[in-house]
1. Residue under question is Gln67, and the condition is that it be surrounded by 14 or more Cβ atoms within 10 Å (Cβ to Cβ), part of a loop (DSSP other than H, G, I, E, B) and within 24 Å of the chain's Cα centre (by Cα); does it hold?
2. Quick check, is Asp142 open to solvent by less than 40 Å² (accessible area, probe 1.4 Å) and in contact (Cβ under 8 Å) with a residue 24 or more places away in the chain?
3. Which pairs turn up if I take residues in region 83-110 that are more than 21 Å from Arg68 (Cβ to Cβ) and in contact (Cβ under 8 Å) with a residue 24 or more places away in the chain and look for partners that are among the aliphatic types (A, V, I, L, M) and open to solvent by 50 Å² or more (accessible area, probe 1.4 Å) with beta carbon separation below 7 Å, at least 6 apart in sequence or on another chain?
Amino acid sequence: MKGSSTVAEATPETGNGRDDEARAENVYQLVLEGIVTGKYAQGARLRERELSEIYNVSRIPVREAIQRLEQDGFVATFPRRGAVVRQLTLTDVNELFDVRLCLETFAARMAATRVAEGGDGGRLVELMEASRAAIDGDRTDDVALISAELHAEIVRLSGNSLLIESVKPLFGRMRWIFGLTHNRSHELQRDEHTELCSAILKGRPDLAYSLAYSHIELGREPVLAGLAETLEP
């Protein structure tokens, strides 16, 4: 997000004790950012040697990062071609919305419950205001990123650690898909976000659940329509 979020920078292997797991995580985040922003297009090859040179690391953390990206659904591996950025389909988009309806509605209910019990909703307020500012300022490139951060904060507010870890790839997929289409009114999304966040911040679990469900479901058709000409079924 311009001016408010910093993408991880490549860190050289300087022998300072940073382990391979940390380097692999760094490369994972960098390549993931490249995928969701379109730097690495769908179908593009991800060559270990090139990535190790770009990010100034050995091929081991690059290989581990690519394996994780494949597990999370961003990369596919083929004989003789190696790793390539996965080609999204309309089925992928539909499945994303189905899973969101299951997980994010539960998260919204639990987040409202925790706020009612004294949980801190300060970060959610910040993101709600940031989303409004990005939309009102017509900063299209920022809207999808802030929206994903806002939804991720609702999940974090749920307090369910397993849910929080499980949805991390989901929000990467959200940014990827929503960055490919702008077929839904940003102003409408702004208003829906405001209503949803207000219900959570007022500690109203049932209302938060209902608003989360309607917000997700209302977004399905325009997103599918916006991608129908570019994605395979």
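The values are calculated or read from the model by the stated rules, or taken from the named source; none is laboratory data. Every value quoted in this text rests on a predicted model; they were computed, and no experiment measured them. Because the Cβ atoms are built from the backbone with ideal geometry, glycine has one as well, and the counts that use them run over all protein chains shown. Protein only, heavy atoms only, side chains kept; ligands, DNA and RNA dropped before computing areas. Shrake-Rupley method; radii C 1.70, N 1.55, O 1.52, S 1.80 Å.
1. No, not satisfied.
2. Considered against the rule, which asks whether it is open to solvent by less than 40 Å² (accessible area, probe 1.4 Å) and in contact (Cβ under 8 Å) with a residue 24 or more places away in the chain, Asp142 comes out as yes.
3. Note: pairs meeting the criteria are Leu90/Ala228.
The rows are residues; the columns are (1) open to solvent by less than 80 Å² (accessible area, probe 1.4 Å); (2) in contact with a Lys or Arg (Cβ under 8 Å, 6 or more places away or on another chain); (3) within 19 Å of Val167 (Cα to Cα).
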{"position": "Gly73", "(1), (2), (3)": "yes, yes, yes"}
{"position": "Thr77", "(1), (2), (3)": "yes, no, no"}
{"position": "Arg100", "(1), (2), (3)": "yes, no, yes"}
{"position": "Glu104", "(1), (2), (3)": "yes, no, yes"}
{"position": "Thr113", "(1), (2), (3)": "yes, no, no"}
{"position": "Gly121", "(1), (2), (3)": "yes, no, no"}
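Listed here are the residues, each with its yes/no results for (1) hydroxyl-bearing (Ser, Thr, Tyr); (2) under 29 Å from Tyr40 (Cβ atoms).
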position: Phe178; (1), (2): no, yes
position: Glu192; (1), (2): no, no
position: Ser214; (1), (2): yes, no
position: Pro233; (1), (2): no, yes
